[in-house]
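Working notes for the structure below.
The values are calculated or read from the model by the stated rules, or taken from the named source; none is laboratory data. On a predicted model such as this, the values are computed, not experimentally measured, just so you know. Neighbour counts are summed over all protein chains in view; Cβ atoms, including those assigned to glycine, are modelled from backbone coordinates with ideal geometry. Ligands, DNA and RNA are stripped out before the accessible areas are found, and what is left, the full protein with its side chains, is counted by its heavy atoms. Shrake-Rupley method; radii C 1.70, N 1.55, O 1.52, S 1.80 Å.
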Amino acid sequence: MSLTTTASAEASASPEAPATPAKTREIGIIMNGVSGRMGYRQHLVRSILAIRDEGGIELSDGTRVTVRPLLVGRSEAKLAELAERHGIADYTTDLDAALADPQWEIYADFLVTKARATALRKAIAAGKTIYTEKPTAESLEESLELARLAREAGVKTGVVHDKLYLPGLQKLKRLIDSGFFGRILSVRGEFGYWVFEGDWQPAQRPSWNYRTEDGGGIIVDMFPHWNYVLENLFGTVESVYAQAAVHIPDRWDEHGERYTATAEDAAYGIFELEGGAIAQINSSWTVRVNRDELVEFHVDGTLGSAVVGLFGAKIQHRNATPKPVWNPDLADDHDYAADWAGVPTNEVFQNGFRQQWEEFLDSYVLGTDYAFDLLAGARGVQLAEAGLASSREGRKIELTPLTEG
């Protein structure tokens, strides 16, 4: 039943106390980089257009927020095609003009990393609220500069933390908050899949991912994710030891041209966390999957353990833990997989990108604090930079707390 219908029914029942109509506010959002895979699928179609097509979202104060996207990109033909396909009235190749127009309140950035900082600076100078993909910049120094500029300009910012909204990780958070694990000892993460080289089958990732000079590399791509996952679930990352590798040096681009990969396609990291837990996370585009999902985290604690992925989660309590005995001379026919119990879903999880968009819009309209800001994004860049330095120098890198100053 719609809000309007509900209000009419209440007014009919109590004519002396008519219901107050809900306020509606339309927010114009500049969406830069929607022709890319992530910007198009997750941010435009599954988030902003989904919110628009359902009539917006209702905030805790009763305000209904609707959204109006402005598509920005380099190719007018691509933008026109997207706009026609999805019934979008506004698109432009002129970012400066879009930023100068007060009807567009939020600037959302889904560009490749090399182009992001320049665009974010422009948006900050224009006083726009910012919502951006990560990494927020190519270097820690630049990411901190952006956070400082935004703070000085009084600009509200948000950085995508999508992995926290995965159903599996939300189940994991529920387990952590309940005290299921006792003291958490360790986290082991496995992420990745085989990305084809591009010679006999087209690669399923763009070629720039494998060129350092174009902002590529799995450390720059994934360590910002691991930073916010670890710090929001288990504790702040205090040090990192990482080993990067270019396992496949020869690849073929989108035009079938052979090129030399200069950026790592795999990284093996050990992270020391606040409170003493140790995390080990392997990230690889050169691994053939033999696990239930493309990412899995195995968490061990004094009272219990869990294995979670994108969607699934299974647990083993200390009272249900078997007692294995190592004997290499005898085959072990124990079914260890049967010792784990599934975690029920118990709720409906929506698309994680959309959920975070809704939370950011709520925070923006109501003026509340938002934790996942440009400084949080800078911490992800810090971990990526430290991971690259660790691999290059062959040593553990300690991380220092960041400030915008």
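Structure values in brief
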quantity	calculated
Whole-angstrom Cα spans of segment 281-405 along principal axes, big to small	61, 46, 31
Volume of the Cα convex hull of segment 38-136, divided per residue and given in Å³	114
log₁₀ of I(q)/I(0) at q = 0.12, 0.14 Å⁻¹ - the chain, Debye sum with one point per alpha carbon	-1.07, -1.37
Using θ = phi - 60° and Karplus 6.51 cos²θ - 1.76 cosθ + 1.60, couplings along segment 38-48 (whole Hz; Gly, Pro as x)	5, x, 6, 5, 7, 8, 7, 6, 7, 10, 5
Whichever lysines have a C-alpha closer than 22 Å to that of Lys314, once near sequence neighbours (fewer than 8 apart) are set aside	Lys163, Lys171, Lys173, Lys323
Accessible area per residue in Å² at 1.4 Å probe, computed on segment 248-405	55
In degrees, nearest ten, helix 374-393 long axis to first principal axis of the chain (Cα)	30
Percent RCO, i.e. relative contact order, over the chain, from Cα pairs under 8 Å lying at least 6 residues apart	19
Reference-scaled alpha-carbon Rg (2.2 N^0.38 Å with N residues) for segment 125-264	1.29
Centroid-to-centroid separation of segment 63-117 and segment 218-234 [C-alpha atoms, Å]	28
Kirkwood hydrodynamic radius of segment 60-207, from inverse mean 1/r over distinct Cα pairs, in Å	19.0
Förster radius 25 Å - calculated FRET efficiency between Val289 and Ala337 (Cβ-Cβ, nearest 0.05)	0.90
Ratio Rg/Rh, restricted to segment 226-338 and using Cα atoms, in which Rh is the Kirkwood radius	1.07
Residues in segment 255-275 that a label on Ile176 would reach, taking backbone N under 19 Å of a point 7 Å out along Cα→Cβ	269-275
Segment 190-250 - Debye-derived log10 I(q)/I(0), Cα point model, q = 0.16, 0.28 Å⁻¹	-0.65, -1.32
Whole-percent carbon and sulfur share, accessible surface of the chain, 1.4 Å	51
Net length gained if the chain between Trp200 and Ser186 were fully extended (0.36 nm per residue, minus Cα distance)	1.0 nm
Partner aspartates and glutamates for Lys114 [C-alpha distance under 16 Å; skip if fewer than 8 residues away on the same chain]	Glu133, Glu138, Glu141, Glu142, Glu145, Glu213, Asp214, Asp221, Glu385
³J(HN,Hα), Karplus 6.51/-1.76/1.60, whole Hz, each residue of segment 259-272, x for Gly, Pro	9, 9, 6, 10, 10, 5, 9, 8, 8, 10, x, 10, 10, 8
Rg in Å to one decimal, and Dmax rounded to a whole Å, for segment 122-171 via C-alpha atoms	13.2, 40
